[in-house]
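*Asks:* My structure is below; once you've seen it, I'll send some questions.
The values are calculated or read from the model by the stated rules, or taken from the named source; none is laboratory data. As the structure is a computational prediction, the values presented were derived from the model and not from experiment. Keep in mind that these areas ignore ligands, DNA and RNA; they rest on the heavy atoms of the full protein, side chains included. Shrake-Rupley method; radii C 1.70, N 1.55, O 1.52, S 1.80 Å.
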Amino acid sequence: MPQLILAAEPAPLTFDPARTALIIIDMQRDFLEPGGFGETLGNDVSLLQAAVGPCRRALGVARANGILVIHTREGHRPDMADAPPAKVERGAPTARIGCAGPMGRILIRGEDGHDIIPELYPLAGEPVLDKPGKGAFYQTDLELMLKNRGVDTLLVCGVTTEVCVHTTIREGNDRGYRCVAMADCCASYFPEFHRVGLEMIKAQGGIFGWVSDSAAFASALGAEAKAT
Ligand code: C5J
């Protein structure tokens, strides 16, 4: 595949689809649906719906062009041996990590709430990576998977912009990957944090990445950015 140009800020980015991965961060019921982790923290989870349609578009473009798709899920082992007390005990949620909720135990692997929303459900063969932290590189085999595929560019989608998307982009940038936040494919419970989070990435000549969107991705691949 030839090198393609992705319209992005602060500057267009050259990428090779064969060396690119679309990473969809934590589009789980626990973050997007009522009764999950996001809502226990007092958030309006409906705000994250804005990212679902654009993620579907980006996912469709990636799948149609053979671009590696990786899904992540934040959560913990049922015995919670991998859940730091400092994370579990923090704040005053209505139900803590590991407590029973309407979608099962909050943020616990294997529970309904931990699963990816049906609209973005992984296809067989697409890696699904379980992560205990905010970043997708921390205590996971993501870097090994990327290295084995020769990936050098990460297009990062998902929730929330300023937490797990940001942490993953920062981790990826430090490891030498070209990291692109896909603006319309990300969302936050705090619209201001989403806006400023994207500004932070692309400031100072792209201090730790680029910002693009699903339409630019489709256009770079010669695909039509149609809603699904
Ligand atoms: C949070 C995440 N916000 N996936 N997790 O706790 O961003």
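*Asks:* Please report the relative contact order for the chain, taking Cα pairs under 8 Å with a sequence separation of at least 6, and give it as a percent rounded to a whole number. Mind dumping the intermediate values first?
*Replies:* On the way: 486 pairs, mean separation 62.5, N = 228.
Reported as a whole number, the value is 27 percent.
*Asks:* Non-local amide H neighbours of Asp184 (under 5 Å, H modeled in plane, Pro and chain starts lacking H): which ones?
*Replies:* Ser214
*Asks:* I'd like to check one number: the per residue accessible area of the range 6-227, probe 1.4 Å, reported in Å² as a whole number. List each step's numbers first, then the result.
*Replies:* Working: 9330 Å² over 222 residues.
Per residue, the range 6-227 has an accessible area of 42 Å².
*Asks:* Take each uninterrupted DSSP H stretch in the chain, measure its Cα extent along the helix axis, and return the ones at 20 Å or beyond whose mean Kyte-Doolittle hydropathy is at least 1.6.
*Replies:* Working: long enough: 191-206 (23 Å, -0.37).
TM-like helix candidates: nothing returned.
*Asks:* Return an integer: the convex hull volume of the alpha-carbon atoms of the range 5-126, in Å³ per residue. Provide the component values of the computation, followed by the final result.
*Replies:* On the way: hull volume 17.6 nm³, N = 122.
It comes to 145 Å³ per residue, whole-number rounded.
*Asks:* If you don't mind, another one. Of the heavy-atom accessible surface of the chain (probe 1.4 angstrom), what whole percent is carbon and sulfur?
*Replies:* Values: 5280 of 9900 Å².
In the chain, the share of accessible area belonging to carbon and sulfur is 53 percent.
*Asks:* With no solvent and one point per C-alpha, what does the Debye sum give as log10 I(q)/I(0) for the range 80-149 at q = 0.11, 0.14, 0.17, 0.19 Å⁻¹?
*Replies:* These q points yield log10 I(q)/I(0) values of -0.35, -0.56, -0.79, -0.94.
*Asks:* Still on this structure, please answer the following. What 222 nm value per residue comes from the helices of the chain, counting each DSSP H run with n ≥ 4 as -39,500 (n - 2.57) and dividing by all residues, nearest 500 deg cm²/dmol?
*Replies:* Working: 8 runs with 65 residues, N = 228.
Rounded to the nearest 500, the figure is -7500 deg cm²/dmol.
*Asks:* Once you have the alpha carbon radius of gyration of the chain, what is it after dividing by 2.2 N^0.38 Å, with N set to its residue count?
*Replies:* Numbers: Rg = 16.7 Å, N = 228, 2.2 N^0.38 = 17.3 Å.
Rg over 2.2 N^0.38 Å, computed on Cα atoms: 0.97.
*Asks:* Note the full-extension length gain between Asp82 and Glu119 as 0.36 nm times their separation in residues minus their Cα-Cα distance, in nm to one decimal.
*Replies:* Numbers: separation 37, 0.36 × 37 = 13.32 nm, distance 2.87 nm.
Gain on extension, Asp82 to Glu119, equals 10.5 nm.
*Asks:* Another question, if that's okay. Nearest-5 percent of antiparallel DSSP beta bridges in the range 6-227? Each step should come with its number before you reach the end.
*Replies:* Numbers: 5 of 31 bridges.
Here the antiparallel bridges make up roughly 15 percent for the range 6-227.
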